[in-house]
Amino acid sequence: MLLLFCIFFSLINAVFEEVIWRGILLSTIKELTSTGYAVIVTSIGFGLLHLAIGFSLSLSLLISIAGGIYALITLKTNSIYPSIVFHIVVNIGMVYSGLII
């Protein structure tokens with residue numbers, strides 16, 4: 001049962017978060033301002049979202065850094081698919097470590 005939860009949660013969560021944060025917000029903010037500003041705003045926002053849903057401050061800061069990495073991957077490859085895959089892998093690790101259940 002944990003395996004099924006892990007697969008479905010990781011896949012659905014990663015796709016939705018990446019489409020929203022990197023697919024929509026990053027590209028829109030980048031068009032309106034600058035690439036650096038877009039990366040910073042979406043990364044901080046990504047971390048704050050996780051803080052708001054109950055993650056600790058320290059973990060939310062790490063998630064902000066991960067958001068920056070996802071943003072850079074998206075910009076470098078000009079695609080959200082690699083960041084979705086990376087996000088899935090991180091989510092799987094978080095489920096099996098007990099951080100998400």
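The table below gives the values:
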| read-out | value |
| --- | --- |
| Environment charge at Ala66 (Cβ cut-off 13 Å; Lys +1, Arg +1, Asp -1, Glu -1) | -1 |
| Length-normalised contact order of the chain in % [C-alpha pairs under 8 Å, at least 6 apart] | 33 percent |
| Cβ-defined net charge surrounding Ile40, 15 Å radius [Lys, Arg +1; Asp, Glu -1] | +2 |
| Distant-in-sequence amide H partners of Ile100 (H built 1.01 Å from N, under 5 Å) | Val95 |
| Dmax and Rg, reported as Rg then Dmax, of segment 8-101 (C-alpha, Å) | 12.6, 39 |
| ³J(HN,Hα) computed for each position of segment 46-62 - Karplus, 6.51 cos²θ - 1.76 cosθ + 1.60, integer Hz, glycine/proline x | 4, x, 5, 4, 5, 5, 5, 9, x, 6, 5, 4, 5, 5, 5, 5, 5 |
| With eigenvalues of the C-alpha gyration tensor scaled by 5 and rooted, segment 45-100, Å | 21, 14, 7 |
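Readers should treat all values here as calculations from the given coordinates under stated rules, not as data from a laboratory. All figures in this text were calculated on a predicted structure; none of them were measured in a lab. Methodologically, a virtual Cβ is constructed for each residue, glycine included, from the backbone with ideal geometry; neighbour enumeration extends over all protein chains shown.
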